[in-house]
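The values are calculated or read from the model by the stated rules, or taken from the named source; none is laboratory data. These numbers were taken from a predicted model, which means no experiment stands behind them. Cβ: placed from backbone, ideal geometry, glycine included. Neighbour counts: every protein chain shown. These accessible areas exclude ligands, DNA and RNA; they are computed on the full protein's heavy atoms, side chains included. Shrake-Rupley method; radii C 1.70, N 1.55, O 1.52, S 1.80 Å.
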Amino acid sequence: AAGVIQSPRHLIKEKRETATLKCYPIPRHDTVYWYQQGPGQDPQFLISFYEKMQSDKGSIPDRFSAQQFSDYHSELNMSSLELGDSALYFCASSLEGNYNEQFFGPGTRLTVL
Amino acid sequence: AQKVTQAQTEISVVEKEDVTLDCVYETRDTTYYLFWYKQPPSGELVFLIRRNSFDEQNEISGRYSWNFQKSTSSFNFTITASQVVDSAVYFCALTGDSNYQLIWGAGTKLIIKP
């Protein structure tokens, strides 16, 4: 069965650079969630989209923005990267905003040098 | 507000021992869902179980079992006859009608020694 796809899987950036993470949900899933997991930390919710509209917002820095496109894939844009942005970024998807059944992608490991 | 507490930061046992990971939650939602995830060193999140607030039946899946008790707001996870491959960080998580994001515990690092 198709799973959530995240790209790239690994990304290395310098401070103050920008990064774009992509998430392709499971086919027919219309809801996407983004989580950030710092080293040794639990995942923290950033933002979610349902039917291309922002549905919930968590602790997402102002330097980050995200959107969901017409094909339901989502992109997380991160600007003015800081060392503290180094983390695993997970995307999850669900069907029809079914928040209690989120399927996680493998994550993107971002390292900021 | 919702909260998940995993008081055990790290547990170390010898292979074949049984081990229980504790999870205590707080929520005001009537309908909520509890989860356990495994995160091996490779980093991916592996879904283990979901339980809704209306189903207090305990569940067993092979060497894994879960004990859900609403009276004590706990959802504990037991691994029987542990194996080295069980070594990972285990997260308990919660979501409910008041917000759609997953609220995570701090995780318990489980080390199984051969």
Inset, instruction - Given the conditions (1) farther than 19 Å from B:Leu94 by Cβ; (2) modelled with pLDDT of 95 or more, report the number of the one that B:Ser42 does not fulfil. - result: (2)
Inset, instruction - Identify, by number, the condition in (1) assigned to a strand (DSSP E or B); (2) in contact (Cβ under 8 Å) with a residue 60 or more places away in the chain; (3) within 14 Å of chain A (Cβ to nearest Cβ) that B:Arg51 doesn't meet. - result: (2)
Inset, instruction - State which residue is most open to solvent (accessible area, probe 1.4 Å) when the search covers only segment B:90-114 and only residues that are more than 14 Å from chain A (Cβ to nearest Cβ) and over 21 Å from A:Gln41 (Cβ atoms). - result: B:Pro114
Legend entry - Hits in segment B:7-43 - residues which are closer than 29 Å to A:Val4 by Cα and open to solvent by 70 Å² or more (accessible area, probe 1.4 Å): B:Pro41, B:Ser42
Inset, instruction - Return the total of residues in segment B:55-114 being touching a residue at least 40 places away in the same chain (Cβ under 8 Å), assigned to a loop (DSSP other than H, G, I, E, B) and closer than 30 Å to A:Asp56 by Cβ. - result: 6
Legend entry - segment B:44-62, residues that are under 12 Å from the mean Cα position of the chain (by Cα) and either open to solvent by 30 Å² or more (accessible area, probe 1.4 Å) or over 20 Å from A:Gln102 (Cα atoms) (or both): B:Val46, B:Phe47, B:Leu48, B:Arg50
Inset, instruction - Determine whether B:Ser87 is touching a Pro at 6+ places or on another chain (Cβ under 9 Å) and more than 14 Å from chain A (Cβ to nearest Cβ). - result: yes
